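Heads up, the thing below is written out as structure tokens.
Computed from the coordinates by the stated procedures, all read-outs in this text should not be read as laboratory data. Note that the structure is a prediction, hence the values are computed from the model and not measured. Cβ coordinates were reconstructed from backbone atoms using ideal geometry, including for glycine residues, and neighbour counts include every protein chain displayed.
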Amino acid sequence: MRIVLTGHTGLSKNRIVERIGNFAREFGTFQHFAAEGRLHLGPALPSSRDLMDAWWESFEKSVVIPWTQLKDKPKLSILSMHLSWQVQSHFFSPAISRHAARFTDFLTTEYRPDYVITLIDDIYRCQYKIRKTGYNFGLGELLRWRNVEVLLSDMLADSTVDNEGRAIDAKLFPYERSPVFAVNHPLSTFMRYFQQSEIPRIYLSYPITGPRKKLDAGDKNPMLEINHFRNYFSEKFTCFDPVTIDERPLAFLEQRYERNLAETASVQFTKAIEEQPPDRDARLHHLQNFFRQSRHDATVELTKSDRWPREGEHQHTLLGEEPQDIPNISLRQIVGVTTGIDRENSEIDRQIRMRDFRLIDQADCVVIYRPTYLKQEGWSGGTQAELIYAQTQAKKAVWVITDPSVDTSLNDGPFGQDLPPGNRIEVNGLSEKENRIKAFEQAASLIADNTREILKRKLR
């Protein structure tokens, strides 16, 4: 198995590959080829031409020569690289540089990858790691960089991966050979994807914002229900899990800052009345200066408690890093990605929505869990959008796990009534763990029974 592992800077690819290698060596030989292994950059990035020349020199010495000199190829090899470089908001890529012909020729004729896999991670964690190296990229820049890296990886897979004889249904599985993996996915999920393709690949769909609000209000039960759902299916199947990328808290940081600022402003307003002349314009001018100065250079901290709680899961992830507090995140940069015409059109919301759709495209089917707190609240916006996309665009099988004793919204339009009864797993009392296990086992059995049909769709 030969993999090209891509992703922009700040992802700790070497650490991830080391963890993959330790896991893979149990099944055979493993070797890592780091494209940038001999690339040494100073505090200021060189021009695009010099950068691509230096990159090719490193690639040739770190990958081309060692690979061609190998007599016995390893059972699993990983070629890790950046497919794109960002210099002053401009992107450059070895795949479209003056070295592109030699680069793609080596991959096509010599390395012959089976997969081109893109790693992604939370932009605030990537930014924090990059800052330690002396570089600084804005949150919006990292979002765009991630998109460019994914796009180039798809293009590279299309041009270098030989699909002859694999008969993949490209309409249903457009990214079969170029999947995206968040670094917080379990290592076992990553390995199953290409080592055990017969195991069904599932997109896990569930409410996220609602359980967070419940947790903030002191009710942790919805979160416990969902984590039980996530962990059960991730142990049995190859699961794509939306909270392995958790960037929604950036919006929460902005909201928290605004609340604190409003409280401080109240104090400032009282002070202005006492210290300034009782003139309305003077008081307003004082407050305007206060708000302007407060927001201009403000930074906020994202703490471990701001993220979706995944107790102990980090030990088993691709990255294998425990979550840490991220200090000094620029408020202006947060506003830049969380503010749009409305909430549905902010950059971060569009990113989340399209990324989750991408993960549905990578899956064989979708399993939706509706926690018991929903009752009369109806479908969550994210889950509703995912179900509609899975049914109408991706053409994936969908199963919904629900508690009919409290959930009366499953048949609500515009799509719920179209869900076949056989795709509904209805078990009373899902708030109890033993009842959830019954529901999960029933869903797992249905998925297993449909595995043959799923594989027919994948391998025509």
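Table for the structure above
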item	result
Within segment 222-262, backbone nitrogen closer than 20 Å to the virtual label 7 Å beyond the Cα of R350 toward Cβ	246-252
Net charge contributed by nearby residues that have their C-beta within less than 11 Å of I368 (K/R +1, D/E -1)	+1
Residue-span extension gain [D105 to N435] - 0.36 nm each, minus C-alpha spacing	113.2 nm
Sequence of L107, L41, L83, L430 once ranked by neighbouring C-beta atoms within 10 Å, starting from the fewest	L41, L107, L83, L430
Fewest-first sequence of T303, T160 by Cβ atoms within 10 Å of each Cβ	T303, T160
Kirkwood Rh in Å, taken over all unlike Cα pairs in segment 194-239	11.9 Å
Loop-located GluC sites (Glu not before Pro) in segment 311-364, at most 13 other Cβ atoms within 10 Å (DSSP)	E311
Counted charge near L11, where neighbours are those whose Cβ lies closer than 10 Å (Asp, Glu -1; Lys, Arg +1)	+3
Charge dipole (debye, nearest 20) of segment 2-162; +1 at Cβ of Lys and Arg, -1 at Cβ of Asp and Glu	440 debye
Sum of side-chain charges, T29 neighbourhood, beta-carbon under 14 Å (Lys, Arg +1; Asp, Glu -1)	+3
Rough spin-label spacing in nm, given labels placed 7 Å along Cα→Cβ, for S405 and T339	4.9 nm
Reachable aspartates and glutamates from K61, criterion Cα separation under 18 angstrom, eight or more residues apart if same chain	E36, D50, D53, D105, E110
Which listed pairs, of K213/K236; K129/K304; K213/K304; K13/K132, have C-alpha distances above 24 Å, in listed order	K213/K236
Gain upon complete extension [R256, R49; 0.36 nm per residue less C-alpha separation]	70.1 nm
Label-to-label distance, nm, for residues given as A298 and E26 (7 Å Cα→Cβ offset)	4.8 nm
Neighbour-limited loop hits for GluC sites (Glu not before Pro), segment 161-250 (at most 16 other Cβ within 10 Å; DSSP other than H, G, I, E, B)	E164, E198
Per-residue Cβ neighbour rank within 10 angstrom, fewest leading, M354, M191	M354, M191
For segment 104-255, with +1 on Lys and Arg beta carbons and -1 on Asp and Glu, the positive-most of F190, P113, I130 along the dipole	I130
Modelled FRET efficiency - R0 30 Å, D162 with Q88, Cβ distances, 0.05 increments	0.20
Overall dimensions of segment 2-162 as given by Cα atoms, namely Rg and Dmax in Å	15.4, 45
